[in-house]
Structures are given as C-alpha cells and as structure tokens.
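Input: a single structure, listed below in structure tokens.
Here, each number is a calculation from the coordinates, and none is a lab measurement. Quantities reported herein were computed from a predicted structural model and do not represent experimental measurements. Here Cβ is always computed from backbone atoms with ideal geometry, including for glycine, and neighbour counts include all displayed protein chains.
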Amino acid sequence: MSNELSIQELHNLAMNIVGKDLEDNGYEFLGIKSDLKSNPQFVALREKKLHFVIVRAVTYPQNPKEYDGAFMEKMKQHALKFNARTFYAGVGLANSDNYDTPVSRDQDYIVNFEGLQEIL
C-alpha cells in the first residue's frame, strides 16, 4: 500500500488547516462538510455576519491562490441568497523533502496558506 495521501486525505488536511485558522480568527461554525463534493465546506458566523468558505487542497506546482472563477461566482450567487460573504481558501501542500514527490503519511509536508480570499 502506498503512503501517498489520497485526494480526500489531502482535502481533510486542508480542512483542518483552514478550520484552525477560522477558529483562531473568531469564527463560530454553523456547518462543516468535509466531503469533497459538498460546497461550501464551512458555514460560519463572525461579527454577526454569515460566511461561506470553500476549501481546496492544492498540490505543488499548482498555485493555491488560483481558483475556478465560474464555480466561485456560482457559489457567491448561492451565498447572496443567505446574505452571506463568500471566501476561497486554497491550501498549498507539498512534500518537504522533494516538492515533486507526492505528500505522504510518513514524510513532513509544507503548507502554503495565506488566509481567506473574498470573492467580490
């Protein structure tokens, strides 16, 4: 069996990183969906305002700040029905020994996450 993390495991790792960041920044979780096909992953409240957060795990060499604009616009329109703000949270993950090697269970990894990007 390979020690390489599956797409769902990479997503779960990204969810944990973003969840901790949201928690540290005073967000109150109303809903969390860790399934890859469910969007948004986090529905949270901060300063009495509803936030929808879409999380994506991105592996090297992809840029974690780039997102699917058409999809995010669709999510923004959905959020507006709830008077919510929409955010993208791209989490870059790479094997710390060799960026070109997949992230695995038995090796350290590097995280590239610069916080939430609001979809305006």
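Numbers for the structure displayed
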| read-out | value |
| --- | --- |
| For the chain, alpha-carbon Rg relative to the globular expectation (2.2 N^0.38 Å, N residues) | 1.08 |
| Rounded to 5, the percent of DSSP beta bridges in region 7-118 classed as antiparallel | 60 |
| Dipole magnitude of region 7-118 about its Cα centre (Cβ charges: Lys, Arg +1; Asp, Glu -1), debye to nearest 20 | 700 |
| Leading residue at positive end of dipole, the chain (Cβ point charges), from 15, 112, 38 | 38 |
| The chain: relative contact order as a whole-number percent, Cα under 8 Å and 6+ apart | 24 |
| Projected area, mean over directions - region 35-82, Cα convex hull, nm² | 4.1 |
| Degrees separating the helix 69-80 axis from the principal Cα axis of the chain, which is the longest one | 40 |
| Helix 7-24 vs. the chain, principal-axis angle (Cα, 0 to 90°, nearest 10) | 50 |
